[in-house]
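Working notes for the structure below.
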Amino acid sequence: MRKSHKATKPQSHKYKGVIERYRQYLPVSSKTPIVTLLEGNTPLIYSCYLSKTLGKNFEVYLKYEGLNPTGSFKDRGMTMAISKACEQKAKAVACASTGNTSASAAAYSVRAGIKCIVLIPKGAIALGKLSQALIHNAQVLAVDGNFDDALSLVREITEKYPIVLVNSLNPYRIEGQKTASFEICDCLGCAPDFQVMPVGNAGNITAYWKGYKLYYAKKKITGLPKMLGFQAAGSAPIVRGHPIKNPETIATAIRIGNPASWKHAEQARDESGGLIDMVSDKEITQAYKILAARDGVFVEPASAASVAGLLKLSGKGYFKQRPRSSTGRTQRVVCILTGHGLKDPDRAIKSIKPPKTVKSNLKAVLKEIGY
Ligand code: F0G
């Protein structure tokens with residue numbers, strides 16, 4: 001006999017997003033309406049090529065955050081920021097963005113049914129990201145200035161009017177983003193020895209470090225990673241020790257001259273015994289191509305800054321080949337790949353030779369492919 005099918009919501013997937021998964025470590029209560037697109041739970045991919053490059057005592061993993069619902073790590077913070085905004089009965093949120101924050105804020109605001117206002121630096125964000133903010137019906141204003149100018153405007157507006165700021169200055173953003181470090185530890189069964197990541201407005205390095213320290217305090221891990229952050233050379237205020245007035249780089253996501261979480265980034269660096277350094281656009285492009293061609297992982301240029309940094313440090317002999325007997329185990333390095341390559345397809349096309357045109361006949365095609 002056939003079973004009758006009731007029209008119910010599918011119950012098949014148990015995964016409910018980062019807030020439900022890590023509820024005990026997050027400032028939410030039964031009163032918080034959870035706004036989620038089932039973000040998080042992203043893969044930690046072993047990189048054969050990078051592991052070999054570092055040497056036999058190292059394993060390199062890629063935390064592919066581009067597989068979040070809107071294509072970047074921002075969703076982890078946005079589920080928290082928008083859920084808390086709803087708890088506070090907010091009607092509107094606003095952010096300044098180099099693209100990914102706005103894409104995420106726009107999508108989560110739609111889920112919550114609240115207005116989303118976005119200020120972007122005019123002409124300086126990747127097309128994929130702009131299309132996301134627009135299609136999710138955010139009110140997008142292109143500011144005739146850079147990200148730092150847009151951020152100070154949004155800060156002023158949200159201080160004066162009943163609009164919630166959802167940049168990473170909003171503490172709930174940091175709370176949500178710290179879940180990525182929990183996932184890494186849960187997956188490896190321990191903390192990595194090193195974590196390499198891009199640094200822009202510096203919220204993410206702040207969040208990861210907060211997460212690792214919390215897991216350590218809760219005795220979920222017995223050690224802490226060294227935090228290795230990388231800025232783009234043309235936008236490297238923390239490395240150079242002063243704000244950059246006109247930041248430049250092909251990695252538009254991290255084209256930021258005066259990071260909001262500057263001090264917290266330095267704290268993560270210093271407390272962990274790590275470093276914050278910079279990589280050139282050339283190094284970023286090389287790493288971008290290596291990830292795509294060797295590991296099959298397509299990221300946006302800002303994300304490739306982490307791998308560019310890893311390769312730079314490796315070239316300088318930073319990763320010491322300790323004999324196995326002295327540590328008893330392999331050292332683990334995790335590179336954070338913050339956003340998907342499809343966010344910025346223009347950059348991919350510009351970095352590689354265009355396809356060759358051939359005549360539309362079998363002979364011509366076979367000749368080209370060598371058969
Ligand atoms: N990688 C990507 C892909 C980003 O979009 C960002 C920041 C970063 C790295 C740097 O993270 O700012 O926490 O240090 N994007 C922000 C935005 C600024 O507006 O989307 P951070």
Of the criteria (1) part of a loop (DSSP other than H, G, I, E, B); (2) within 14 Å of the chain's Cα centre (by Cα), which one A90 fails
(2)
Only one of G189, G128 is touching a helix residue (DSSP H, G or I) at 6+ places or on another chain (Cβ under 9 Å) and either acidic (D, E) or at pLDDT 95 or above (or both). Can you tell me which?
G128
Run down P192, P225 and say which single residue is in contact (Cβ under 8 Å) with a residue 12 or more places away in the chain, more than 15 Å from the ligand (Cβ to nearest atom) and touching an Asp or Glu at 6+ places or on another chain (Cβ under 7 Å).
P225
Residue match in region 292-308 (condition: open to solvent by 10 Å² or more (accessible area, probe 1.4 Å) and of a type in the set (S, T, N, Q))
no
Being in contact with a strand residue (DSSP E or B) (Cβ under 6 Å, 6 or more places away or on another chain) and away from the ligand (no atom under 11 Å from the Cβ): is that true of A94 here?
yes
Would you check which residues across region 240-256 are more than 16 Å from A305 (Cβ to Cβ) and in contact with a helix residue (DSSP H, G or I) (Cβ under 7 Å, 6 or more places away or on another chain) and list them?
P243
List the residue pairs whose Cβ atoms are under 7 Å apart, where the first residue sits in region 68-95 and is on the phi > 0 side of the Ramachandran plot, the second is more than 10 Å from the ligand (Cβ to nearest atom) and modelled with pLDDT of 95 or more, and the two are 6 or more positions apart or on different chains.
G71/L342
Any hit, region 236-258, residues being at pLDDT 95 or above, part of a helix (DSSP H, G or I), away from the ligand (no atom under 15 Å from the Cβ) and closer than 20 Å to F147 by Cα:
yes
Helices (runs of 4 or more DSSP H) completely within region 289-371 that count 2 or more residues being of a type in the set (K, R):
345-351, 362-369
Scanning region 325-371 for residues that are closer than 30 Å to S303 by Cα and among the small types (G, A, S) gives G339, G341, A348, S351
Checking the conditions here, which among N41, N57, N68 is open to solvent by less than 20 Å² (accessible area, probe 1.4 Å), under 26 Å from C187 (Cβ atoms) and within 14 Å of the chain's Cα centre (by Cα)?
N68
Do you know which residues across region 122-138 are without any contact (Cβ under 8 Å) to a residue 40 or more places away in the chain and within 14 Å of the ligand (Cβ to nearest atom)?
L130, A133, A138
In region 108-118, what count of residues is obtained for those that are crowded, with 24+ Cβ neighbours inside 10 Å and either in contact with a Phe, Trp or Tyr (Cβ under 9 Å, 6 or more places away or on another chain) or farther than 24 Å from G257 by Cα (or both)?
3
Report whether or not G203 is modelled with pLDDT of 95 or more, among the small types (G, A, S) and under 14 Å from the mean Cα position of the chain (by Cα).
yes
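The values are calculated or read from the model by the stated rules, or taken from the named source; none is laboratory data. Because the structure is a prediction, the values reported are computed rather than measured. No Cβ is skipped: glycine too gets one built from the backbone with ideal geometry, and neighbour counts run over all protein chains shown. These accessible areas exclude ligands, DNA and RNA; they are computed on the full protein's heavy atoms, side chains included. Shrake-Rupley method; radii C 1.70, N 1.55, O 1.52, S 1.80 Å.
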